[in-house]
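Everything below concerns the one structure shown next.
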Amino acid sequence: MYFSARAVLCGVFCLASLTAEARDRLLIVGSSTVFPFATAVAEAVGSNGVKFPIVESTGSGAGFNLFCKGVGEHTPDITNASRRMKPSELDTCLANGVTPVEVEIGYDGIVLANSRNGPKFTLTVEQIFEALAEKLPKDGQLVDNGNLAWSDIDAGLPNEEIEVLGPPPTSGTRDAFEELVMEEGCKTVKDLEKDGCTRIRRDGSFVEAGENDDLIVGALEANPVTVGIFGYSFLMQNRDKIQSVGVNGVEPTFEKIASGEYPVSRPLFFYIKKEHVGLIPGMEEYVAAFTSEEAWGDDGYLASKGLIPLSAEKRRQEAADAMALPALQL
């Protein structure tokens, strides 16, 4: 990896501009899944004398795009992510003079859920794939997915139209869902190339619902047979309105996600822009607050919001790294 002269000069002048006209508060973007945890920490530090950080839910992919654009007051200081930064995104960051510092914060389950007024059922990973895949084999050929009702897949499933509301391609939840569900379910399909495994149908059975998970919850209440895809924390926050759809016979609970028994779980992260540390007020306080036992510990306030904690040893290591600010290497 090398830096162009333009990138180096941009880094120098952007940093100078930041020093002269720094924002008076932290700007955080990224994952909608991490958003409620980041918001809780922002409220905690804002109640302790630091100006309340701005936290925006943009999705992991869009967050990385904003974060990696460069250094300066118009770029975010931290981005949240429900997947790890990709090598191509790291290359973009480095080319633009940005040094990301990775902090793993805990785990989350990707859940499927429907209204409490709808039918209660469970699905296998293979059945989810058969419901959402763009193409399926039939008589030795790949054809458009013809499953219109859940009962078309298995007579024991509800005789209700397949309608699934899920995240857009910019979302880390979408990336993780494709990897943990679509690619796994595809392993039973002999005639489908791997790059076709994650192609989700576009005939109306799957609807991209944007990055606002609260809107998905509202839509599920309006149509009890519709299924939504989002992070476990949103299930926790809306248990009075929605119910989980089990996966492989396992319900998404705090304990089963933490133990790995629930099959659709993933790590969560935030990334610090090293060049902004010491220049944007509140960065050190925010990182220290997030990595405190009061926040992300086994009995911390983030666990009550649905964050599955790291082990105590892993938390100590991540907290130490967050203070030392080592550059991310993939």
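Full extension of the chain between Gln329 and Asp298 yields a length gain of 8.3 nm, computed as 0.36 nm times the residue separation minus the alpha carbon distance. Give me the percent of accessible area attributable to carbon and sulfur for region 270-330, probe 1.4 angstrom. Here carbon and sulfur together make up 50 percent of the probe-accessible area. Within the chain, the whole DSSP H helices whose Cα atoms reach 15 Å or more along their own axis and whose mean Kyte-Doolittle score is at least -0.5 are 5-20, 35-46. Per residue, region 14-121 exposes 36 Å² of solvent-accessible protein surface, assessed with a 1.4 angstrom probe and all protein chains in place. Computed from the C-beta positions of Glu251 and Glu193 and an R0 of 25 Å, the FRET efficiency is 0.15 to the nearest 0.05. Determine the alpha carbon to alpha carbon distance for each of Lys69/Lys273; Lys86/Lys135; Lys135/Lys241; Lys86/Lys256 and list only those over 23 Å. Exceeds cut-off: Lys86/Lys135; Lys135/Lys241; Lys86/Lys256. Converting phi to 3J(HN,Hα) with the Karplus coefficients 6.51, -1.76 and 1.60 and the offset θ = phi - 60°, region 241-251 yields 10, 10, 10, 6, 9, x, 10, 6, x, 10, 7 Hz in sequence order, with x at every glycine or proline.
Close amide-amide hydrogen proximity is noted between Thr124 and Asn248, each under 5 Å apart and 5 or more residues distant or on a separate chain (H modeled in the peptide plane; Pro and chain starts excluded). Between Leu26 and residues 5 or more places away or on another chain, which pairs have amide H atoms under 5 Å apart, with H built 1.01 Å from N, and which residues are they? Amide H to amide H, under 5 Å and 5 or more residues apart or across chains, Leu26 pairs with Ile54. Within the chain, antiparallel bridges make up roughly 70 percent of the DSSP beta bridges whose residues both belong there. If we count trypsin sites (Lys or Arg not before Pro) as exposed when they sit in a DSSP loop and have at most 12 other beta carbons within 10 Å, what is the longest stretch of the chain that avoids them all? Counting at most 12 other Cβ atoms within 10 Å as exposed, the longest clean stretch of the chain is 1-119.
Per residue, region 139-210 exposes 54 Å² of solvent-accessible protein surface, assessed with a 1.4 angstrom probe and all protein chains in place. With K and R counted +1 and D and E -1, the other residues having a Cβ less than 15 Å from that of Pro53 yield a net charge of -3. Remark: the chain carries a charge dipole of roughly 540 debye about the Cα centre, counting +1 on each Lys and Arg Cβ and -1 on each Asp and Glu Cβ. Of the residues Gly72, Gly49, Thr33, the one whose Cα sits farthest towards the positive end of the charge dipole of region 30-124 is Thr33 (charges of +1 on Lys and Arg Cβ, -1 on Asp and Glu Cβ, taken about the Cα centre).
Of the solvent-accessible surface of region 111-162, computed with a 1.4 Å probe and all protein chains present, 43% belongs to carbon and sulfur.
When the Cα positions of Ala312, Tyr286, Gln237 are compared along the charge dipole of region 218-330, Gln237 comes out farthest toward the positive end, with charges on each C-beta of Lys, Arg, Asp and Glu.
Per DSSP H run of n ≥ 4, the term is -39500 (n - 2.57); total these for the chain, divide by its residue number, and report the mean residue ellipticity at 222 nm rounded to 500 deg cm²/dmol.
Numbers: 15 runs with 118 residues, N = 330.
Mean residue ellipticity at 222 nm (helix-derived): -9500 deg cm²/dmol.
Calculated from the alpha-carbon coordinates, the chain shows an Rg and a Dmax of 21.1, 68 Å respectively. Give the distance, in whole Å, between the Cα centre of region 296-330 and the Cα centre of region 193-266. Rounded to whole Å, the Cα centres lie 25 Å apart. Under a 5 Å amide H cut-off, with hydrogens placed 1.01 Å from N, Thr99 pairs with Lys274, Glu275 among residues at least 5 apart or on other chains.
The values are calculated or read from the model by the stated rules, or taken from the named source; none is laboratory data. Keep in mind that what you see is a predicted model, and the values were worked out from it rather than measured. Note: ideal-geometry Cβ built from the backbone for every residue, glycine included; neighbour counts use all protein chains shown. All accessible areas refer to the heavy atoms of the entire protein, side chains included, with ligands and DNA or RNA removed. Shrake-Rupley method; radii C 1.70, N 1.55, O 1.52, S 1.80 Å.
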